[in-house]
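The values are calculated or read from the model by the stated rules, or taken from the named source; none is laboratory data. None of these values were measured; they are calculated from a predicted model. Cβ sites come from the backbone with ideal geometry, for glycine too, and all protein chains shown count toward neighbours. Only protein heavy atoms, including side chains, enter the accessible area calculation; ligands, DNA and RNA are left aside. Shrake-Rupley method; radii C 1.70, N 1.55, O 1.52, S 1.80 Å.
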Amino acid sequence: MSAPYVIEARNLKVVYNEGTPNEVVALDLDRDNFCFNVLQGQTIILTGGNGSGKSTLVKAIAGMAPVKSGSVFIHGKDVTGWPAYRRAKHIGFVHQDPMLGTCPNLTVHENFQISLEKPWWLPTPYPLTLTKGQLDSIEKIGLPLAEKKTTQLNMLSGGQRQSIALCLALRKGSILLLDEFTSALDEQTKKAVLLYALSEAKAMKATVIMITHDLTLARELGKESGNVVLTMVGGRFQQVMAIKREISDGIFRLY
Amino acid sequence: MIISLLDISLQQCFLYSIAVYGIVVSFRMMNFPDLTVDGSFTLGGAVLSSMITANYPPLIALPLVAVAGFAAGSATVFLNRKLGISKILSGILIMMVLYSINLRIMGKANISLLRLPTLFSSYDTDDALKVLIFGGISVVFLICLAYLSMTRLGLFIRATGDNEFMVQTQGVNTDWLFYTGIGVSNALVALSGAFVVQNQGFADVNMGIGLIITALAALIIGESFIAALVSIKKFVFSKKTIAIFSNTKISLLPWSTISELFSALTGAFLYFFIISICLRLGLAPTDLKLATGILVILGISVRLRGPMVETYVRGRL
Ligand SMILES: Nc1ncnc2c1ncn2[C@@H]1O[C@H](COP(=O)(O)OP(=O)(O)OP(=O)(O)O)[C@@H](O)[C@H]1O
Ligand SMILES: [Mg+2]
């Protein structure tokens, strides 16, 4: 089977705290019999209100949510049963929570060393210099970090940590899941980081799913060819629901 | 008198410091409160003493001791990672299981090694030489662990203890890191037990009870001491020297871990020195645990707030 899609998420349903009084159906694409398919190099922009299931969808793709039914394919391979660390070889993930993507008690230098693609079990000293690409990315995100390599991450601000988390997540030829990755940044930095992330993604032909509450930005990005803006409501896609309603009205149009 | 006190506490501190390094690996590098060590300390002594009574040379017994300790640590990690039992309870369970296993290995509650060939039996009478040899052994272990913390493997062990989730998102199965780290930690503790047995001339099935408190006491005293030194150092070195230092590659080495290892060694010495002075001054041996408890409480509450140690240690105990 030829697999044109980088990500195929079929009929995903995610239920938190199943079987308890706190049960929440956070994602219910099963109801609409919906396949969430993304092409190589495509950028999907997800918007929607708080608690509408955006984070849950990308977490389910990355293997970090309790998927009840449905399946996830990456590069045509069924990864539904894979733990998160196995999928992480294809996926770079910047979380909404800036604290998740970095090690707080390790220095900036050590955090960058971890993200190098080398086996973890090497019993040889890690280098005391950063690669050119890493130095480049530090400069591009506009952080004055060149002199701060020995700073522990918990001494940086939340926004600085989130930018570093982005640098660590950018990997060649991968899928990029960006969950409100600029939420902690000031306007100016936000622009720089956003531009950097998107240009980097384009340069390595990465497939991007980006979550944002910035509707102007979403509209702007949506104008570019290949990009798609989707809105979520209550764990489903608004677009699909609209189409369904129109079908039941007997006036189905796809415009 | 002071000399003989020093001799005895130095001998003990060097042999026990290897166990304290093990605690540094589990409690500090991996952030894993591992209570298996009470059992694996005795396990080391049990394996060594029963092999020596079976006429194996001690140098062949030592690797086996390390393997046994590694296995004990792995068992705890297995309970925690695969069966979902909490870290503390996993450690307590394996510690308890090890009590029976140790009795099986030894065959009786106490094995005397008198007149049997141990690593140290030829220097039995020369206290100064023993101090030198034990010190050498301890320093070799310290250097090996400092080297480990500079390697990629050591970096990932520390990172896993710090933010396991982040390491997983980098595509690494952190289970292996826990097996490695806690295994190495318990291997160190078992080796320490094996050395102690050879020094004291007997193995006892109860010898490991309370080791975790002894080791933690030593570590915490050492950390407080080093933290105090660091804060004094700020007055000794000018800002300029510190600036020069912080711009060199040397500053990129994992100093927080290396200072933990030195804390372990100095703390072990301070602990055994204070305890032996207390004993000499007439403290009843039965009150030893009380004295240790007070030492730990003092060590934590009187800690001077050195910058490096403070941030590294905060919230970890
Ligand atoms: N760990 C969890 N345990 C229980 N319920 C959860 C958990 N995470 C999310 N939920 C629930 O799932 C629903 C969707 O949450 P999700 O995080 O996907 O929203 P979101 O669209 O990302 O919102 P936001 O814009 O605020 O980030 C919410 O109703 C939330 O209460
Ligand atoms: Mg969210």
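Listing for the model above:
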item: Leading residue by the ranking (most open to solvent (accessible area, probe 1.4 Å)) among those in the stretch B:155-173 that are touching a residue at least 12 places away in the same chain (Cβ under 8 Å), facing another protein chain (nearest Cβ under 7 Å) and part of a helix (DSSP H, G or I); result: B:Asp162
item: Counted residues, the stretch A:80-125 - those being part of a loop (DSSP other than H, G, I, E, B), crowded, with 21+ Cβ neighbours inside 10 Å and without any contact (Cβ under 8 Å) to a residue 40 or more places away in the chain; result: 2
item: Residue count, the stretch B:174-190 (criterion: touching a Ser or Thr at 6+ places or on another chain (Cβ under 7 Å) and facing another protein chain (nearest Cβ under 10 Å)); result: 2
item: Extreme residue, modelled with the highest pLDDT, among residues of the stretch A:16-61 that are within 14 Å of ligand 2 (Cβ to nearest atom), in a strand (DSSP E or B) and not aliphatic (A, V, I, L, M); result: A:Tyr16
item: Candidates A:Ser52, A:Ser71 - the one that is surrounded by fewer than 19 Cβ atoms within 10 Å (Cβ to Cβ), among the hydroxyl-bearing types (Ser, Thr, Tyr) and under 23 Å from A:Val228 (Cα atoms); result: A:Ser71
item: Candidates B:Val20, B:Val47, B:Val67, B:Val24 - the one that is part of a helix (DSSP H, G or I), touching a residue at least 40 places away in the same chain (Cβ under 8 Å) and open to solvent by 30 Å² or more (accessible area, probe 1.4 Å); result: B:Val67
item: Filter pass, A:Met204 being open to solvent by less than 30 Å² (accessible area, probe 1.4 Å), within 16 Å of ligand 1 (Cβ to nearest atom) and either in contact with a Gly (Cβ under 7 Å, 6 or more places away or on another chain) or at pLDDT 65 or above (or both); result: no
item: Meets criteria (aromatic (Phe, Trp, Tyr) and either open to solvent by less than 10 Å² (accessible area, probe 1.4 Å) or modelled with pLDDT under 95 (or both)) for B:Phe178; result: yes
item: Whichever residue in the stretch A:101-118 is under 24 Å from the mean Cα position of the chain (by Cα) and more than 7 Å from chain B (Cβ to nearest Cβ) and, among such residues, is farthest from B:Pro254 (Cα to Cα); result: A:Glu117
item: Unique match (being within 12 Å of chain B (Cβ to nearest Cβ), in contact with a Gly (Cβ under 7 Å, 6 or more places away or on another chain) and either within 15 Å of ligand 1 (Cβ to nearest atom) or on the phi < 0 side of the Ramachandran plot (or both)) among A:Ala62, A:Ala26, A:Ala84; result: A:Ala84
item: Residue that is farthest from A:Gln40 (Cα to Cα), among those in the stretch A:81-102 that are hydrophobic (A, V, I, L, M, F, W, C) and touching a strand residue (DSSP E or B) at 6+ places or on another chain (Cβ under 7 Å); result: A:Val94
item: Candidates B:Leu132, B:Leu114 - the one that is modelled with pLDDT under 95, open to solvent by 60 Å² or more (accessible area, probe 1.4 Å), on the phi < 0 side of the Ramachandran plot and touching a Phe, Trp or Tyr at 6+ places or on another chain (Cβ under 8 Å); result: B:Leu114
item: Residue among A:Lys148, A:Lys140 that is open to solvent by 50 Å² or more (accessible area, probe 1.4 Å) and within 14 Å of chain B (Cβ to nearest Cβ); result: A:Lys148
item: Selection count where residues are out of contact with any strand residue (DSSP E or B) (no Cβ under 7 Å at 6 or more places or on another chain) and more than 16 Å from ligand 2 (Cβ to nearest atom), scope the stretch A:148-184; result: 15
